Structures are given as structure tokens and as C-alpha cells.
Amino acid sequence: MSEREAEALDELRQIVNECRAESSSVSYGHFHGGDPRKFSPDHECSTDAEREAHGAACKRWDAGETNPLPGPHKPLIVGGKVCGHVTLSGFGLGKNIYEDETMLDLAERLQRILERLENP
């Protein structure tokens, strides 16, 4: 393998790692809706009841009830008009994990190409 080819493979490895790193991110706050398994209640900022509700929602999702759960923001309607929003915290505060499936797929595809080049 030439030095140029080795440098290209090193750069491709770096791109694969960057794609994987960019494929997910974490934020802290209320559950934003969707898949409850992508939220982790903070034990210091949630009650036992909120953690139990979260666990039950995850079990339902695992059992096939995969309708996305609503997020915490509800309109506050007074006199027939929206005058604000209320944040409901059914699971307390915790970490939300966001995954970019397109970026993860790109990383996997690049990894397969890299493996074919390294092991012809």
C-alpha cells in the first residue's frame, strides 16, 4: 500500500468516526415526546411516580405500543384564545437523546467501504 493510499484510509477512518459522533446528541430538560426509551429521568429531579410512569411507558413501547408519546408543551387557552403554554413534566427532568439515523447510516456505509479497502 502506498503512502498516499494509507493517508486516504486514515482520513476515511476519521470521517467515519466524525459521522458516528455527529449521529447523536443529548439535551437536558423535560421529555420532548416520541420514544420514551430515548429519555432518562434524572433521579435528583424526578419523583418515584414519574420514574415509574417512564418505566411503564418504556415497557409499553417494548411490547409494541410504539405510537410516539406527546411532548410536554400544551397551549394555555383562556377565553377561547391561546395566551401561553404550559409545560407538563410526566417523567420529571432528565436527558433526551437525539439520533440522526441518516448520519448513522452514512457512517455504517463508509465503514463497510473502509473494510473492503483494507481487506481486498
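Readers should treat all values here as calculations from the given coordinates under stated rules, not as data from a laboratory. These figures come from a predicted structure and were not determined experimentally. All Cβ positions, glycine included, derive from the backbone under ideal geometry; neighbour counts span all protein chains shown.
When you filter the GluC sites (Glu not before Pro) in the stretch 1-104 for DSSP loop state and at most 10 other Cβ atoms inside 10 Å of their Cβ, you are left with E44, E65. Here K38 is the anchor, and the lysines within straight C-alpha reach of less than 28 Å, apart from those fewer than 8 places off in the same chain, are K59, K74, K95.
Given contacts defined as C-alpha pairs under 8 Å and at least six residues apart, what's the relative contact order of the stretch 25-98, whole-number percent?
Relative contact order of the stretch 25-98: 55 percent.
Helix 3-22 and the longest principal axis of the C-alpha atoms of the chain enclose an angle of approximately 10°. Based on Cα contacts under 8 Å between residues 6+ apart, the stretch 60-110 shows a relative contact order of 21 percent. Angle check, please: helix 101-118 long axis (alpha carbons) against the longest principal axis of the chain (alpha carbons), in degrees 0 to 90, nearest 10. Taking Cα atoms only, the helix is inclined about 20 degrees.
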